[in-house]
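To keep things clear, I will list the structure first and then write my remarks on it.
Bear in mind that the values in this text are calculations on the coordinates, not laboratory data. As the structure is a prediction and not an experimental result, all values here were calculated from the model. For neighbour counting, all protein chains shown are included, and Cβ atoms are generated from backbone atoms with ideal geometry for every residue, glycine included.
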Amino acid sequence: MYKLIIPIKIHKIKINLKIVFSGVFLVILLYFLFSFFYTQYKYSLIKKLNPNVQISYFKKYLGEPVIINFSKNNQQKEYIFINKHFYTQAITDKNDKVLGFFITLKDKNFNPQIKNQVFQITLGKSTLYDIAKNYQPEKCLGFLGNTARNYYLEEYYFGRVGKYLKYVFGYNDAGFYNEKNNLSFLIGKTKNNDNLCENLKNKNTKNIIINTYGVLMDNNLEFEYAVDKNTLDFDF
């Protein structure tokens, strides 16, 4: 009697294990598919952003801003959007037309590709050399402090092929850190240094991994470029 029952139980267990393993495999597969398409969706959001649109266009894709600041003369506004992958700073005029925006990556594994007729970079992987090997920056901005924000950004202008916009690439410490982004070359340099590009000409700045990217239609902005981590009292 037992000889008949035991094989039947073992057979049922084998069938149940196959069902369990199939279910686990399906769940894992669905998770990776969801993660892949969700990441691609987030990549696509960044590609949709442009200056010279109303801030409502940014809200459509990024949701509501978590911070809104006004310039001293109330002629410009700063909107800060946050998600788990990146910060977005959008600067507008008083009528909410976007004058420029900056993306700063929080997640080192989130690597959207940005390309146009002039350049092609992957945020979080490409370095400043990938831009500077063919072009010279028009403007350099950077600062290294103990409690102040640390950053190094290069601004480029490509003329007609760049749609007469200004493009900014660099590192902002509000985003993820990479050991290659050592800003020791900024020691002793003042914050508002109009000759910073010239002063750093022989410094090894080109190995810096780009975690911040910006596009400007007007560089007469009344806010500092890219989100300042010291103004964020919270995160998510």
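General observations
- At R0 = 30 Å, FRET efficiency that the Cβ-Cβ distance of ASN52 and ASN73 yields, to 0.05: 0.90
- Taking amide H atoms as placed 1.01 Å from N in the peptide plane, the amide H of PHE86 lies under 5 Å from those of LYS106, each 5 or more residues away in sequence or on another chain.
- Database remark: amide H of ASN150 closer than 5 angstrom to the amide H of ASP173 (H placed geometrically; neighbours at sequence offset of 5 or more, or on other chains; Pro and chain starts carry no H).
- Sorting the segments 165-178, 120-133, 87-100, 44-57 by their mean number of nearby beta carbons within 10 angstrom, highest to lowest, gives 165-178, 87-100, 120-133, 44-57.
- Applying the Karplus relation 6.51 cos²θ - 1.76 cosθ + 1.60 with θ = phi - 60° to segment 147-158 yields 3J(HN,Hα) values of 10, 6, 5, 10, 7, 8, 10, 10, 10, 10, 10, 10 Hz, where x marks Gly and Pro.
- Residues in segment 221-230 carry Karplus couplings, in order, of 8, 9, 10, 5, 5, 6, 5, 9, 4, 6 Hz; the curve used is 6.51 cos²θ - 1.76 cosθ + 1.60 with θ = phi - 60°, and Gly or Pro positions show x.
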